[in-house]
Amino acid sequence: MRVVLAEDLFLLRDGLIRTLEEHGCEVVAAVDNGPALLRALLDEEPDVAVVDVRLPPTFTDEGLQAALEARRKRPGLPVLVLSQYVEQLYANELLATGDGAVGYLLKDRVTDTAQFVDAVRRVAAGGTVMDPQVIARLLSRGEARGTVGSLTARERDVLELMAEGRSNAAVAATLHFSESAVAKHTASIFAKLGIAPSADDNRRVLAVLAYLKR
Amino acid sequence: MASAFIRACVAAWRCQLASLLALAVTAVGTLVVLALLLLPVGVGFRLLPPAARLLRAASDRARGRAARWTDVRISPPEPLPAGPARAVLGDEGFWRDLGWAWLEPVVGGLLVAVPLVFIEYGVFGALVQPFVWRLLGDTNWYAFVLVHSTPTMLAALALGLAFTAAGVCAAPAVLRLHSRWGRWLLSAPRSTELARRVDRLDRTRTQAMDTQAAELRRIERDLHDGAQARLVALGMTLERAVRLLDSDPPTARELLLDVRRTSAQALEDLRGLVRGIHPPVLADRGLGDAVRALALDCFLDVHIEARLPGRLPSPVESAAYFAVSEMLANAVKHSGAREVHIALEYEGALLRITVTDNGRGGADVSRGTGLTGVRRRLDTFDGTLALHSPPGGPTTVTMEIPCALSSPKTSSC
């Protein structure tokens, strides 16, 4: 898997390159600023990009802007965005095109390398990965607005993991259910919330996220 | 178009009022001069203080009218000294008032009479000329038209309408001119204005320093109790893990996992702290998007209208952001509202933020510390906060901060 990496802190960049290469990824470009990132994304045509939001020269959301710009030029280009903070606004902008192949994670998540590399792979395969914090905030807002009130506690757990972009198998493993139990819960959630069920995992995640953003 | 015409008519009516009031001012001015003339015989000493107060009341009303009618702010002078006539005689504001009382009828009164003359002469031409010209023979002039036939009568009619229109159209401008003339005569002396400004700056500077010091203390405390404490715990756990690494690997492993959890918590603490100091979206994108981000986290329906031409100075952005955040929190906690509208506008070097909710109203600045805190924060920028919250709602908070743009638009603000 060919990866373009953008991170301005040398130590973190080095650590990320090592982690990715240990897990069989090839880092074709590792850059430390916004303009170089945009060039690398367009020239290297990577399978996935791992991008820090805040990059030089402006030290604002340069990385996110470059990623969004690259995705405008190459729709569906897989991008996993890392940040010290998760912002609903940025998550929405990444999800806006509605065609998946995006991820948005807190930087701390890289400490769990297995999960991090799994997230990179899922994004590269066209999936959607959202940080648990984004989903937790969406769910607590949904609770206050009464949009998820009819769900049982178990169903809410399933919904949370599903919205993070996990597959049925991964949800089952995390919650110690059988896969068929997860499928049953999922069907019930979709019926209660009035979301059209979809066999495609990614469509399903996007539908759930769209529902929670209301 | 229609509203502009109505405004012009209102202005014309106000010109009429102003001309009558100018005459009333003459009366007051005469009274004061009479009191001054009677000073040598002693009666003046008793007459002067009440006369001066009457004059001040008249000039205060004129200041109020200038603000209400034409939005011209005239800074009031220091209040009249309460003491005897000698104190009044030494008061600069009193002499300014007196000068105004004598000049106002001559200059101000004549000024506001100009549109009135046009309107009244115009109305006379349009309404009376068509009927009287047959009776008046060959010497009947209306302005420069000799009215002696139907065509010349029609010309007079048209001219009359034109005069009326010109008078009405000129009225708003003349009224503004009149207010400025009043400001020239009635403003507090420059030294008074500067003294006030210094007082205000002194007060707001003290407030700003207090706020900043309190903020630093809070950050210090948060760091001490949060991240710092967790890092100490982390060091201790690591130390134990190293000791147990050879003798008891499973426990060491547990401890290391614990270290990972603690480090995650320390990061979370720091994140919360930084968000409270300067929210990342505000730094990245500016006020518009930062408020949008706030709205996304709020469970009310928040509608945002942001018309900002570029980035504002960072301290202003920060104050405005925390003010909006406070307003949203208030709406959530106290108003029972379901919807909030936030408008951000920048016009004429002024940032205006309007936050309206459809809640139960009845909010009061004096109750609770939130609004007072925001007002204090805006004070530092010469900003203002106006609250309109009748019982039953809706509640509208309007905040205005004068500021220059710090950069033209670069991203979606």
Any strands (runs of 3 or more DSSP E) falling wholly within region A:13-97 and containing at least 1 residues that are touching a residue at least 60 places away in the same chain (Cβ under 8 Å):
A:48-52, A:79-83
In region B:270-297, the residues that are facing chain A (nearest Cβ under 8 Å) and over 30 Å from B:A233 (Cα atoms)
B:V281, B:A283, B:D284, B:R285, B:D289, B:R292, B:A293, B:L296, B:D297
Determine whether B:R311 is at the interface with another protein chain (Cβ under 9 Å from one of its Cβ atoms) and over 18 Å from B:V397 (Cβ atoms).
no
Anything in region A:50-71 that is more than 12 Å from every other protein chain (Cβ to nearest Cβ), crowded, with 24+ Cβ neighbours inside 10 Å and out of contact with any helix residue (DSSP H, G or I) (no Cβ under 6 Å at 6 or more places or on another chain)? List them, or say none.
A:V50, A:A67
When you look at A:G103, is it in contact with a Leu (Cβ under 6 Å, 6 or more places away or on another chain), within 14 Å of another protein chain (Cβ to nearest Cβ) and buried (at least 23 other Cβ atoms within 10 Å of the Cβ), yes or no?
no
So which residues in region B:271-317 are surrounded by 16 or more Cβ atoms within 10 Å (Cβ to Cβ), of a type in the set (A, V, I, L, M), in a helix (DSSP H, G or I) and touching a Leu at 6+ places or on another chain (Cβ under 8 Å), if there are any at all?
B:V281, B:L287, B:A290, B:V291, B:A293, B:L294, B:A295, B:L296, B:V316
Tell me whether region A:189-196 contains one or more residues that are of a type in the set (D, E, K, R), part of a loop (DSSP other than H, G, I, E, B) and more than 14 Å from chain B (Cβ to nearest Cβ).
no
Right, A:L175: touching a Leu at 6+ places or on another chain (Cβ under 8 Å), among the aliphatic types (A, V, I, L, M) and farther than 12 Å from A:V208 by Cα or not?
yes
Filter the helices (runs of 4 or more DSSP H) completely within region B:3-114 down to those with at least 3 residues that are under 19 Å from B:A173 (Cβ atoms).
B:43-70
Region A:86-100, residues that are more than 13 Å from chain B (Cβ to nearest Cβ) and touching a helix residue (DSSP H, G or I) at 6+ places or on another chain (Cβ under 7 Å):
A:T97, A:G98, A:G100
Residue that is in contact (Cβ under 8 Å) with a residue 40 or more places away in the chain, in a loop (DSSP other than H, G, I, E, B) and not assigned by TED's automatic domain parsing to the domain that holds A:R121, where the choices are A:L206, A:L159, A:L151
A:L151
Quick one: which residue in B:P81, B:P49 is out of contact with any Lys or Arg (no Cβ under 8 Å at 6 or more places or on another chain) and at pLDDT 85 or above?
B:P49
Restricting to region B:212-269, name every residue that is more than 30 Å from B:P315 (Cα to Cα), within 14 Å of another protein chain (Cβ to nearest Cβ) and without any contact (Cβ under 8 Å) to a residue 12 or more places away in the chain.
B:L257, B:R260, B:R261, B:A264
Go over the candidates B:L23, B:L34 one by one and state the one that is more than 18 Å from B:A87 (Cβ to Cβ), free of Cβ contacts under 8 Å to residues at least 24 places away in the same chain and surrounded by fewer than 16 Cβ atoms within 10 Å (Cβ to Cβ).
B:L34
Qualifying residues in region A:119-132 (those that are without any contact (Cβ under 8 Å) to a residue 60 or more places away in the chain and buried (at least 20 other Cβ atoms within 10 Å of the Cβ)) - the one nearest to the chain's Cα centre (by Cα)
A:V129
Restricting to region B:133-160, name every residue that is of a type in the set (G, A, S) and either over 50 Å from the mean Cα position of the chain (by Cα) or over 23 Å from B:P115 (Cα atoms) (or both).
B:G137, B:S149
Counting just the residues of region A:170-188 that are assigned to a helix (DSSP H, G or I) and free of Cβ contacts under 8 Å to residues at least 12 places away in the same chain, which one comes out nearest to the chain's Cα centre (by Cα)?
A:A170
I'm checking my understanding of the structure. Among residues of region A:72-85 that are under 21 Å from A:L106 (Cα atoms) and not aromatic (F, W, Y), which one is farthest from the other protein chains (Cβ to nearest Cβ)?
A:P78
Screening B:L116, B:L98, B:L111 for residues that are closer than 16 Å to B:G29 by Cβ and either in contact with a Cys (Cβ under 9 Å, 6 or more places away or on another chain) or buried (at least 18 other Cβ atoms within 10 Å of the Cβ) (or both) leaves only B:L98
Region A:98-132, subset assigned to a loop (DSSP other than H, G, I, E, B) and modelled with pLDDT of 90 or more, residue nearest to B:G288 (Cα to Cα)
A:D131
For A:E179, indicate whether it is surrounded by 15 or more Cβ atoms within 10 Å (Cβ to Cβ) and either of a type outside the set (A, V, I, L, M) or not assigned by TED's automatic domain parsing to the domain that holds A:V86 (or both).
no
Within region B:280-287, can one find any residue that is touching a residue at least 12 places away in the same chain (Cβ under 8 Å) and farther than 28 Å from A:L64 by Cα?
no
Can you tell me which residue in region A:133-148 is nearest to the other protein chains (Cβ to nearest Cβ), limited to those that are among the small types (G, A, S), surrounded by fewer than 18 Cβ atoms within 10 Å (Cβ to Cβ) and part of a helix (DSSP H, G or I)?
A:A144
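The values are calculated or read from the model by the stated rules, or taken from the named source; none is laboratory data. Because the structure is a prediction, the values reported are computed rather than measured. All Cβ positions, glycine included, derive from the backbone under ideal geometry; neighbour counts span all protein chains shown.
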